[in-house]
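For reference, the structure discussed in these notes is given below.
The values are calculated or read from the model by the stated rules, or taken from the named source; none is laboratory data. Computed from a prediction, not measured in an experiment: that's the story for all the values here. When we count neighbours, we look across all protein chains shown, and the Cβ atoms used for this are built from the backbone with ideal geometry, even at glycine. Just so you know, the surface numbers come from the protein's heavy atoms only, side chains and all, with ligands and any DNA or RNA stripped out. Shrake-Rupley method; radii C 1.70, N 1.55, O 1.52, S 1.80 Å.
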Amino acid sequence: MTDKNPDFSPMRMRARGFVAQGRIEDALGLYGDILKVAPEDAATYADRGTTFAMIKKTDLALNDLNRAIELGYTDPSAYCTLATIYLEGGAYQKSLDYFDKALKLNPDQPFVYFNRARAYETLGDINASIADLERCLTYNPDDALSAKIKERVAQLRTHL
């Protein structure tokens, strides 16, 4: 750590701890404190954006996550969170774009495939939806999730 490039990761970890404890306002305050001192800290924008997404403050989440990416943040989690926001908001094509970006950075994310399958299904691409669900099964999910995925695949096959 240098004075010109301070390391804020301990403060971000503390804020994440607050989030885990349900102390959202404390976490948001700490993220805000970091950004006052380091307004170009991409990781803090990403963390705060994810926290906003958790509490359904969608516009704030989108602003922070997009800012993180503009600043060079490349962790697939930011793209996954953006994709999920768009999926939940009904912007299915946009969600697919962000799921694809997340998978390009890290193709081993079973829940991204699971969620992307929902977007594909809604857009009418049943084959792509089935392919993503079957890809989830290659990650050996627990028995309950595996049964749910297999049941969904069987339902989708009836639409082919």
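Given a 1.4 angstrom probe, what's the average accessible area per residue across the chain, in square angstrom?
On the way: 9020 Å² over 160 residues.
Here the residues of the chain average 56 Å² of exposed surface.
Starting from 0.36 nm per residue, how many nanometres of slack lie between ALA144 and SER9 once their C-alpha separation is accounted for?
Values: separation 135, 0.36 × 135 = 48.60 nm, distance 3.62 nm.
Full extension of this stretch gives 45.0 nm more.
Taking the Cβ of CYS136 as the center, what net charge do the other residues with Cβ under 15 Å away carry, scoring Lys and Arg +1 and Asp and Glu -1?
On the way: positive: ARG116, ARG118, ARG135, LYS148, LYS150, ARG152; negative: ASP108, GLU121, ASP132, GLU134, ASP142, ASP143, GLU151.
In short, -1.
Just need the relative contact order of the chain here, percent rounded to a whole number, with Cα pairs under 8 Å and 6+ apart. Walk me through the numbers before you get to the answer.
On the way: 173 pairs, mean separation 18.9, N = 160.
Once normalised by length, the contact order is 12 percent.
Can you tell which of ALA27, ALA102, ALA83 shows the greatest fluctuation in a Gaussian network model of the chain with Cα springs below 10 Å?
Highest fluctuation of the listed residues: ALA27.
Helix 92-105 versus the longest principal axis of the chain: what angle, 0 to 90°, nearest 10, using Cα atoms?
For 92-105 against the chain, the angle is about 70 degrees.
On C-alpha positions alone, give me the angle between the axis of helix 76-88 and the longest principal axis of the chain, in degrees, nearest 10.
The angle comes out near 60 degrees.
If the elastic network links every pair of Cα atoms under 10 Å, which of ALA68, ALA144, ALA43 fluctuates the most in the Gaussian network model of the chain?
Judging by the Gaussian network model, the answer is ALA144.
When the convex hull of the Cα atoms of the chain is projected onto a plane and the area is averaged over all directions, what value comes out in nm²? Working shown, then result.
Values: hull surface 41.8 nm².
Its Cα hull, projected and averaged over all orientations, spans 10.5 nm².
Quick check: pseudo-label points 7 Å beyond the Cα along Cα→Cβ at ALA154 and GLN21, how many nm apart are they?
In this crude label model, ALA154 to GLN21 measures out at 4.6 nm.
For region 1-82, rounded, prolate or oblate, judged on the Cα gyration tensor with a ≥ b ≥ c (square roots of eigenvalues), a/c < 1.5 rounded, else prolate if a/b > b/c?
Working: a/c = 1.79, a/b = 1.15, b/c = 1.55.
Here region 1-82 falls in the oblate category.
Which residue fluctuates most in the GNM of the chain (Cα springs below 10 Å): GLY90, GLY32, GLY22?
The residue that fluctuates most here is GLY22.
Count neighbours as other Cβ atoms within 10 Å of each site's Cβ, and list the trypsin sites (Lys or Arg not before Pro) in region 97-142 that are DSSP loop with at most 12 such neighbours. Intermediate values should be presented prior to the final figure.
On the way: sites: LYS101, LYS104, ARG116, ARG118, ARG135; in loops: none.
Filter output for region 97-142: empty list.
List nothing, just return the count: lysine pairs in the chain, 8 or more apart or interchain, with Cα separation under 19 Å.
Values: LYS4/LYS36; LYS56/LYS94; LYS57/LYS94; LYS94/LYS104.
Eligible lysine pairs with Cα atoms under 19 Å apart amount to 4.
Evaluated at 4 °C with a viscosity of 1.567 mPa s, what Stokes-Einstein diffusion coefficient in µm²/s does region 54-127 have when Rh comes from the Kirkwood expression over alpha-carbon pairs?
The estimated diffusion coefficient comes to 105 µm²/s.
At 1.4 Å probe size, with the rest of the protein present, what percent of the exposed accessible area of region 35-108 is carbon and sulfur atoms?
On the way: 1840 of 3650 Å².
The nonpolar share, carbon plus sulfur, comes to 50 percent.
Per residue of region 117-128, what does 6.51 cos²θ - 1.76 cosθ + 1.60 with θ = phi - 60° give for ³J(HN,Hα)? Whole Hz please, x for Gly and Pro, Karplus curve as stated.
Working through the residues one at a time gives 4, 5, 5, 4, 4, 4, 7, x, 8, 5, 4, 5 Hz.
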